[in-house]
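Below you'll find the structure, written out as structure tokens, and then a few comments.
The values are calculated or read from the model by the stated rules, or taken from the named source; none is laboratory data. Bear in mind that the values here come from a model prediction, so they are computed numbers and not experimental data. No Cβ is skipped: glycine too gets one built from the backbone with ideal geometry, and neighbour counts run over all protein chains shown. Just the protein is used for accessible areas: all its heavy atoms, side chains included, with ligands, DNA and RNA removed. Shrake-Rupley method; radii C 1.70, N 1.55, O 1.52, S 1.80 Å.
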Amino acid sequence: MKFVHIADVHFDAPFKTITDRAELGELRRLEQREAFKNVIEFIKENKVEYLFISGDLYEQEYIRKSTISYINKLFEEIKDTKVFIAPGNHDPYISNSYYKVFEWCDNVKIFTENVEKVENDEVCIYGYGFNNYEMNTNQLKNINIDNKNKINILITHGTIINGNELNGIYNPISKNELINKGFDYIALGHIHKRDEYYPGSLISMGFDELGEHGFIYGEINDKKVSTKFIKADKRELKEIEVDVSNIYSEDELIEELNLIDTANDLYKINLVGERNFVINLDIKLIQKNIIKVKDNTNLKIELKENNNTLKGIIAKQLNKKIENKEINKKEYDEILELIIKIFNN
Ligand SMILES: [Mn+2]
């Protein structure tokens, strides 16, 4: 049998915090649809029989009905594929959930908080999901695999716990218990970084999710499982440092940033080193694939106290103010930068 496993699509998430550019949130939302469409195209092309969606398919808080219709329309296009959804903490099965109130097409099975088993001649699929924004009931204990000859699969959204204590509000699952149950494949969601249980988020949701994002394609033959990762997000989020120590003006910095080969990826730039000028970048002047610039630089100059020059007198006053805690380091730097600007011009 062939399956695709995805999780954490987070449809209609606003993507505002990842970028300093107002329009990019919307663009990323469109790319999210594109990535999901890639999954559907892959399923069609490879005649994949099962699609496992391990929660956080959408954001309950932001989801539009038109997006739900769009998702469902795509499910209709793969009507020979059985779609299983386990709701997560961002798309829980609550009373006004689209999982509950929308009429999904016939090939879609949505799990609720109680473990259910869906069985055919070949496979047994066990699933359960969130009924609220938090959940800490141990549902795994209610599962007993009764036919070891079939392919047994678990679909849920949760957090794997290595120790014995099942603490946490996001469906904590004991790793030992999980292994002991004897599933042939475990399809989890919640952790956005890919590992043996999690496919990771379908597209990168922010700069804490660097690298490639996509889904898992799997085949199970004679109970032997083989899986591979397929990239679905056409972009990667990348983070790099730019040292400003040898840059002497903002124009020069902008030039430098615009020379970076960003290809099709999205970048966050961390400015580091000692700055020689006031950094107050206008993002509109920087190439569009740089979507965030963080200033982590330090001020280079130090004003020396001196009663004979204006600079020296200001330095004395400033030092007194910081000693008396009338201003903090950030304010101190800001004043200092202003002074540099005045004296340099
Ligand atoms: Mn989650």
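Annotations
- Local electrostatic count at Cys105 - Lys and Arg +1, Asp and Glu -1, tallied over other residues with Cβ under 10 Å: -2
- Counting 0.36 nm for each residue step from Leu310 to Lys79 and taking away their Cα separation leaves a gain of 75.3 nm.
- Springs between Cα atoms under 10 Å define the GNM used for the chain, and in it the highest mean-square fluctuation of Phe102, Phe130, Phe183 occurs at Phe102.
- Based on protein heavy atoms only, region 2-231 ends up with 45 Å² per residue of surface accessible to a 1.4 Å probe.
- Dividing the summed helix terms, -39500 (n - 2.57) for each DSSP H run of n ≥ 4, by the number of residues in the chain produces a 222 nm estimate of -7500 deg cm²/dmol to the nearest 500.
- Note on the chain: antiparallel DSSP beta bridges, both residues inside, total approximately 30 percent of the bridges counted.
- Put simply, the C-alpha atoms of the chain give a gyration tensor, and the ellipsoid matching it has half-axes of 52, 22, 18 Å, longest first.
- Computed over region 237-344, Cα set: Rg, Dmax in Å: 16.7, 56
- Volume in Å³ per residue [convex hull over Cα atoms, computed for region 131-191]: 86 Å³
- Leu299 long-range amide H proximity, modeled H, under 5 Å: Arg275
- Among residues other than Gly273 with Cβ under 14 Å from its Cβ, the summed charge is -3 (Lys and Arg +1, Asp and Glu -1).
- Under a Gaussian network description of the chain, with springs only between Cα atoms under 10 Å, the residue in Ile269, Ile313, Ile279 that fluctuates furthest is Ile313.
- Among Glu326, Glu26, Glu334, residue whose mean-square fluctuation peaks in a GNM of the chain (springs only between Cα atoms under 10 Å): Glu326
- Net charge of Cβ neighbours under 12 Å - reference Ile313; Lys, Arg +1; Asp, Glu -1: +3
- Computed over the chain: relative contact order in percent, which uses C-alpha pairs under 8 Å that are six or more apart: 14 percent
- Accessible surface computed residue by residue for region 237-344, with neighbouring protein chains in place and a 1.4 Å probe, gives 64 Å² per residue.
- Rounded to the nearest 20, the Cβ-based charge dipole of region 2-231 about its Cα centre (Lys and Arg +1, Asp and Glu -1) stands at 240 debye.
- Fraction of accessible area attributable to carbon and sulfur, the chain (%, probe 1.4 Å): 46 percent
- Taking a ≥ b ≥ c as the square roots of the eigenvalues of the Cα gyration tensor, an a/c ratio of 1.5 or more together with a/b no larger than b/c marks region 1-147 as oblate.
- Radius of gyration and maximum dimension Dmax of region 231-278, Cα, Å: 13.0, 42
- Projecting label points 7 angstrom from Cα along Cα→Cβ for Glu256 and Lys224 puts them 5.5 nm apart.
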